[in-house]
Amino acid sequence: MAQAVQKLVTKVPSLLGAAVTYSKPRLATFWYYARVELVPPSPAEIPKAIEGASAIIKSFQSGRLGQITVKDAVRNGLVATEVLMWFYIGECIGKGGIIGYDV
């Protein structure tokens, strides 16, 4: 048992070095895209978003929703799912856990 622990302890620095080497380029890519994609909308982008949402509502009301391509439908579904998941993540952060509120 002691020998196994010793072997593990001697391997830890090399494993950490490998983990850092593996993670650096991926974290750099993540931060590159995070600076662009995870920023709040600018005041100029808000009217464009409102126009897009109203166009979707108008297309739903006029029945044009049945003429949407599969690619657009999948993309819209993925965007809606992403927004919903960010909402749930915010809820979990706000309540301090995954399960229930402290009442």
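The values are calculated or read from the model by the stated rules, or taken from the named source; none is laboratory data. Bear in mind that the values here come from a model prediction, so they are computed numbers and not experimental data. No Cβ is skipped: glycine too gets one built from the backbone with ideal geometry, and neighbour counts run over all protein chains shown. Side chains are part of the model used for accessible areas, which takes the heavy atoms of the whole protein and leaves out ligands, DNA and RNA. Shrake-Rupley method; radii C 1.70, N 1.55, O 1.52, S 1.80 Å.
Charges only on Cβ, +1 for Lys and Arg, -1 for Asp and Glu: so what's the dipole of region 40-89 about the Cα centre, in debye to the nearest 20? Provide the component values of the computation, followed by the final result.
On the way: 5 positive and 4 negative charges, 37 e Å.
Dipole size: approximately 180 debye.
With a 1.4 Å probe and every protein chain kept in, tell me what percent of the accessible surface of the chain is carbon plus sulfur.
Numbers: 6620 of 9520 Å².
Accessible surface attributable to carbon and sulfur in the chain totals 70 percent.
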Taking the chain as a Gaussian network, where each spring joins two C-alpha atoms under 10 Å apart, which residue of L27, L16, L78 fluctuates the most? L16
Picking from V74, P43, Y22, whose Cα lies most toward the positive end of the charge dipole for the chain (charges on Cβ: Lys, Arg +1; Asp, Glu -1)? Y22
At 7 Å along Cα-to-Cβ for each site, give me the label-to-label distance between A19 and T69 in nm. 4.4
With a 1.4 Å probe and all protein chains left in place, how much accessible area per residue does the chain have, in Å²? 92
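Report the number of Lys pairs in the chain whose alpha-carbons are under 23 Å apart, with separation of 8 or more residues or on distinct chains. Write out the running numbers ahead of the final one.
Details: K11/K24; K48/K58; K48/K71; K58/K71.
Eligible lysine pairs with Cα atoms under 23 Å apart amount to 4.
Can you pull the percent of Cα pairs in region 12-103 with separation above 21 Å? Walk me through the numbers before you get to the answer.
Details: 2602 of 4186 pairs.
The calculated P(r) of region 12-103 puts 62 percent of pairs beyond 21 Å.
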Gain on full stretching of the segment that runs from V83 to T29 - 0.36 nm per residue minus C-alpha separation: 17.2 nm
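Can you tell me the dipole magnitude for region 11-77 around its Cα centre, using point charges on the Cβ only (Lys, Arg +1; Asp, Glu -1), in Debye to the nearest 20? Please list the in-between numbers first.
Working: 9 positive and 4 negative charges, 54 e Å.
Charge dipole of region 11-77: 260 debye, to the nearest 20.
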